[in-house]
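Notes to accompany the following structure.
The values are calculated or read from the model by the stated rules, or taken from the named source; none is laboratory data. Since this is a predicted model, take the numbers as computed values, not measurements. Cβ atoms come from the backbone with ideal geometry, glycine included; neighbour counts cover every protein chain shown.
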């Protein structure tokens with residue numbers, strides 16, 4: 001169950017990074033909404049990470065959490081912020097995903 005909580009925490013990390021990116025591109029009240037979304041996603045992500053680390057090793061949990069956040073944020077950047085999706089960028093994202101799966105496989 002804590003692996004599922006950790007995955008959800010990682011998805012909320014993607015949410016707070018995406019909100020931060022959208023807020024940067026916005027002004028006025030719209031930016032305030034995005035910053036509010038950032039704060040909410042950040043809080044939920046941290047609380048879920050704390051919950052997951054109660055039974056999972058901290059090093060593994062943190063690496064998986066940041067990995068999910070990094071992969072998800074890069075994908076959101078490619079999809080929504082028109083960031084480049086060249087071969088090497090996708091290659092290294094793939095190796096990061098393989099590393100996350102490997103950490104899960106060798107963790108108890």
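Observations
- Filter result for residue 43 (within 14 Å of the chain's Cα centre (by Cα) and either modelled with pLDDT under 95 or part of a helix (DSSP H, G or I) (or both)): yes
- Being crowded, with 18+ Cβ neighbours inside 10 Å, free of Cβ contacts under 8 Å to residues at least 24 places away in the same chain and out of contact with any strand residue (DSSP E or B) (no Cβ under 9 Å at 6 or more places or on another chain) is not true of residue 92.
To keep it simple, each residue is scored yes or no on (1) within 20 Å of residue 4 (Cβ to Cβ); (2) under 15 Å from the mean Cα position of the chain (by Cα); (3) assigned to a loop (DSSP other than H, G, I, E, B).
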position	(1), (2), (3)
36	no, no, no
54	yes, no, yes
59	yes, no, no
62	yes, yes, no
72	yes, yes, no
76	no, yes, no
88	no, no, no
93	no, yes, no
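- Meets criteria (assigned to a helix (DSSP H, G or I), buried (at least 17 other Cβ atoms within 10 Å of the Cβ), more than 10 Å from the chain's Cα centre (by Cα) and in contact (Cβ under 8 Å) with a residue 12 or more places away in the chain) for residue 48: yes
- Subset tally (residues that are assigned to a loop (DSSP other than H, G, I, E, B) and either surrounded by 14 or more Cβ atoms within 10 Å (Cβ to Cβ) or on the phi > 0 side of the Ramachandran plot (or both)) for the range 95-108: 1
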